[in-house]
Amino acid sequence: MKKQFAIIGLGRFGVSVSTELFQLGHEVLAVDINPSKVKEITNFSTHSAVADGTDEKALRKLGIANFDHVIVAIGDNIQASILCTLLLKEIGIKSVWAKAQNYYHHKVLDKIGADKIIHPEHDMGQRIAQHLVSDKVIDYIELSADYSIVEITAPKSMHNKTLFDLDIRAKFGVTILGIKRKKQINISPLAEDRVLVGDILIVIGQKNDLKRFEDTN
Ligand code: ADP
C-alpha cells in the first residue's frame, strides 16, 4: 500500500531515506532549508520544497499535518532538530522519527515525544563490526540491549538436517525466523524443513545464545 512520508533535512541520511522510499513507490515530500539540497532531490521525490523545519507556519503551509510519518533528518543543527520534532508532535503527526547526533540529543528527543530515534552511524558501525568479527554473520539487527536478529550462513553440522532433528530452540535457546535459499525466503519454516548447504538462517534470540549459535561449525 502506498504511504505518505515527509523528510525534513536532506543531508546524506535524509537523501538516502527519501530516495529509497520514493523508489519503493511511496509518496515522498522532501524538505530542506538549503535550495541546492532541494534541487538535487527533485527527481527522487514526489514533491520537494525549500522550508525551515523550525518555522511552524512554513510547515503548515506545506500541508505537513496530512502526513502520518515524518522523518527529521536534520543532523548537526541539534537545536533545529529538537524544535522541528517538537512542532511536528504539537501539530499532531502520529509518527515522528528523528535522527540523533548523540546521547543528550537522544534524551531530549525522547522527552519531547519522538516516536523513534535513529542513530545511523552507531547502528551501521555495530552491524559492520559484527560482519568483521564473524565470517558467518551476514546481517545483524539489535532489537534491545539483550535481543538481536542475525542472518547467518548455516553451519556445516546443520546441513541436510531438518529443524526437528536440529532442535535448535532447546539446544541454543534461539528461534529460526526464516531460511533464505538463493532468492527465496521461507518465513516461519516448519519442523520438517531441511537446512541445505548455502542456506542463510535468520535467527532471533538473546545475544549470548546467538553467540553460541554463531560459534557452531
Ligand atoms: P547528514 O549527516 O545526514 O549528512 P547533515 O547534518 O549534514 O546530516 O544535514 C542535515 C540537513 O538538514 C542539511 O541539508 C541542512 O541544510 C538541513 N537543515 C538544517 N537545518 C534545517 C532546518 N531548520 N530546516 C530544514 N532543513 C535543515
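The values are calculated or read from the model by the stated rules, or taken from the named source; none is laboratory data. Everything numeric here is computed off the predicted structure, so don't read it as measured data. All Cβ positions, even for glycine, are placed from backbone atoms using ideal geometry, and neighbour counts span all protein chains on display.
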Seminar exercise, completed: Scanning the range 140-163 residue by residue, those free of Cβ contacts under 8 Å to residues at least 40 places away in the same chain, surrounded by fewer than 12 Cβ atoms within 10 Å (Cβ to Cβ) and not hydroxyl-bearing (Ser, Thr, Tyr) turn out to be 145, 160
Problem set entry | Hey, residue 65 more than 11 Å from the ligand (Cβ to nearest atom) and among the small types (Gly, Ala, Ser) or not | yes
Exercise. With the range 29-93 as the region, which helices (runs of 4 or more DSSP H) entirely inside it contain at least 2 residues that are within 21 Å of the chain's Cα centre (by Cα)?
Worked result: 78-91
Seminar exercise, completed: Just one listed residue, out of 50, 17, is under 18 Å from residue 80 (Cα atoms), more than 8 Å from the ligand (Cβ to nearest atom) and either among the β-branched types (Val, Ile, Thr) or without any contact (Cβ under 8 Å) to a residue 40 or more places away in the chain (or both), and it is 50
For this session: Considering only residues that are touching a residue at least 12 places away in the same chain (Cβ under 8 Å) and among the polar types (S, T, N, Q), look in the range 20-36 and name the one that is nearest to the ligand (Cβ to nearest atom).
Result: 34
Exercise. Among the listed residues 171, 116, which satisfies the condition of being at pLDDT 95 or above and surrounded by fewer than 15 Cβ atoms within 10 Å (Cβ to Cβ)?
Worked result: 116
